[in-house]
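Q: One structure, as C-alpha cells, below. Some questions next.
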Amino acid sequence: MLQKILISRTDAIGDLILTLPMVDVIKQNIADAKVFILAQNYNKSIVQSAPLVDGFIDWTELEKQKESDIIAELQKQNFDAIINVFPNKKIAKASKQAAIPIRIGTSHRYYHWLTCNRLINLSRKKSNLHEAQLNIMLLKKLNIPSEFTLDEIKKFGRIIPFAKLPDEINLLINKSSNRKIILHPKSKGSAKNWNIFNFMKLAEILYKNNFDVFITGTAEESDLIRTELGSKIPNATDLMGKLTLSELITFISKCDFLVACSTGPLHIGAALGINVIGLYPPIRPMHPVRWRPIGNANVLCANKECSICRKSANCKCIDEISPEQVLKIILDK
C-alpha cells in the first residue's frame, strides 16, 4: 500500500503550480497517502500555500550535499514512490540507490532506463496536451486515473495565501474602492515578453477606467523597465522588488485581475482563483495549448503561424496583441 509519495519538480514557479493538480488526484484515489514535494527553495512558499501537500524537501540545500548524504536523506524519509515530473539525473540516481520501491519517469530520458522501474512513453514537446494533463499522466504508473480534461482539472491545485502583508502594502490595497489589477511585465527569461510600452499604455487606459494599477516583479526587472522607459510606468504603483514570494501570493489574492505573459505569477493568480489574462506567442512549446493558466483565465495569442519566433529574440508576434484587446476582456468581467 502506498503511504508516502514524493513528487520531484525542481524547476520554476509556474511549472510547480501546474504540478499541484497531481496531488489532488493522488489524494482522491489513495486513501491516507502523504504527498511530499521536492523543489527548489524559492518555491517553498508555493508548497506551503498548497493545503493538500504534506511536506517539502529543499532541493537547493540537499543538492549541495554529498551523494551519500542525499541517499541517506531519501532513505530516512521512507518513501514508497517517487515521481520524476521534472527529469533530474542526480535525483533519479539517488532514488534508486535509496531503494525507493516505485520510481516513475518518462522513457525519453536515457538515465530513467537505468534508474526508474516504471517508465511511461511521454513526449511533452510534440504533445497537444496541457502541461497539467501531461503531469497527471505520470500517475498512470500508480494505477490511478490519469486522463482529465482541462475543465476537470480547474478545480485541482488551488493554493491559499498564508503570509501577512506589511502595513504599508495593506494601505495601498485599501486606499480606494476601485477594482485592483496587477501588471507583471517581465518573466525572468522564462517566456517571451509583451512590449513594455504596451504595458504602459494598458496602465494608462486602466487608470482612466478607475482601476488601481500595481506593477510587480523583481528589483532587477524594475531597473530594466526604468532603463527601457527612461522613467517609471505612470498611472501605476510600483511594487517591484518590494514583496517576498509569500507576500506576493497574498497580495495577488487581494486583487481582482492579473495580466502577464507565461510566467509564475500568472499561474499563481489562476491557482488563487482571481481573473488572469495571459499573453502568449504562437509557437510550440510556448503557446497557450501547453502553458495556459488553469482557473478563471483568458489567454490572448496572435492567430498565425510564426516561422521566426523560435529562431529570433526579436520576434514581435506577441506584440500584435493590443492593450485594447486586454482591456475588453477586463471590462467584460
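Q: Looking only at residues that are in a loop (DSSP other than H, G, I, E, B), among the charged types (D, E, K, R) and more than 15 Å from the chain's Cα centre (by Cα) in segment 149-164, which one is nearest to L272 (Cα to Cα)? Full working, then the answer.
A: Going through segment 149-164, the residues in a loop (DSSP other than H, G, I, E, B) turn out to be 149, 154-164.
With the extra rule that they be among the charged types (D, E, K, R), the set shrinks to 154-155, 158, 164.
Applying the additional criterion that residues be more than 15 Å from the chain's Cα centre (by Cα) yields 155, 164.
Working: K155: 11, K164: 16 Å.
The qualifying residue nearest to L272 (Cα to Cα) is K155.
Q: In addition: N193 - would you say it is among the polar types (S, T, N, Q), assigned to a helix (DSSP H, G or I) and surrounded by 14 or more Cβ atoms within 10 Å (Cβ to Cβ)?
A: Answer is no for this residue.
Q: Being modelled with pLDDT of 95 or more and within 23 Å of N117 (Cα to Cα) is the requirement here; does I26 meet it?
A: When the stated conditions are applied, I26 passes them.
Q: Could I ask something else about it? Residues that are within 26 Å of S45 (Cα to Cα), of a type in the set (V, I, T) and in contact with a helix residue (DSSP H, G or I) (Cβ under 8 Å, 6 or more places away or on another chain): does segment 280-292 have at least one?
A: no
The values are calculated or read from the model by the stated rules, or taken from the named source; none is laboratory data. Please read these numbers as outputs of a predicted model, since none were measured by experiment. Neighbour counts run over all protein chains shown; Cβ positions are idealised from the backbone, glycine included.
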